[in-house]
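Worksheet: one structure, shown below.
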Amino acid sequence: MSLRAVKQIIETKPTIEGAGVKLQRAFGFGKTREFDPFLLLDDFRNDNPNDYAAGFPWHPHRGIETITYVLAGSVEHGDSLGNKGEMTAGDVQWMTAGSGILHQEMPKGDSQGRMHGFQLWANLPANLKMTDPRYQDIPASAIPEITDDDETRVRVICGEFWAREDR
């Protein structure tokens, strides 16, 4: 393993998105070259339903992928391809916007009112920006978990961890 020096420490910034969802933005909409291929990282951790219940009504995406990971609560979602469903704790939604897609995400808290998760936007390479949109629901039960030699548990959504592939 090669170690790299920490280049910069960035603190999250309170942000309001969608129809009034209060969240914390780690990065996005600025300094794109420093983070590319990642464009945005939002932490939507909130214990007050009034701060997230309005959700993210129908809105467009194009040329990117969004990866949403739910840690607590649930998110009902739908898109212009006819996909719809509900993500619960441990589930992942992977949407390739490609040439364009409309979708919505409507969060609901768990029994304690908690809604925790995060969303990462990844920039598609130029040759894939106009690809057909597609959508993947990945239930928690389908995400492999690897325990590292120091007992750290890693859930592998895509790719590999220490040369151990997920699927």
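The values are calculated or read from the model by the stated rules, or taken from the named source; none is laboratory data. Quick caveat: nothing in here was measured; it's all calculated off a predicted structure. Positions of Cβ are generated from backbone atoms using ideal geometry, with glycine treated the same way; all protein chains shown enter the neighbour counts.
So for region 90-103 (the condition being among the hydroxyl-bearing types (S, T, Y) and assigned to a strand (DSSP E or B)), does at least one residue qualify?
Yes, some residue in region 90-103 is among the hydroxyl-bearing types (S, T, Y) and assigned to a strand (DSSP E or B).
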Name, by its number, the condition in (1) at positive phi; (2) of a type outside the set (K, R); (3) in contact with a Pro (Cβ under 9 Å, 6 or more places away or on another chain) that does not hold for L102.
-> (1)
Hey, can you tell me all the residues within region 38-63 that are within 30 Å of T131 (Cβ to Cβ) and assigned to a loop (DSSP other than H, G, I, E, B)?
-> F44, G55, R62, G63
Of the residues in region 16-53, how many are in contact (Cβ under 8 Å) with a residue 40 or more places away in the chain, out of contact with any Ser or Thr (no Cβ under 8 Å at 6 or more places or on another chain), among the acidic types (D, E) and under 18 Å from I64 (Cα atoms)?
-> 1
Between a first residue in region 119-138 that is under 24 Å from Q24 (Cα atoms) and a second residue that is at pLDDT 95 or above and surrounded by fewer than 15 Cβ atoms within 10 Å (Cβ to Cβ), which pairs have beta carbons less than 6 Å apart while being 6 or more apart in sequence or on different chains?
-> none
Among (1) more than 18 Å from I157 (Cα to Cα); (2) modelled with pLDDT of 95 or more, where does E65 come up short?
-> (1)
Selection within region 124-156 - part of a loop (DSSP other than H, G, I, E, B) and touching an Asp or Glu at 6+ places or on another chain (Cβ under 7 Å) = L124, P139, P144, V156
Tally the residues that are outside any loop (DSSP other than H, G, I, E, B) and on the phi < 0 side of the Ramachandran plot, restricting the search to region 1-29.
-> 12
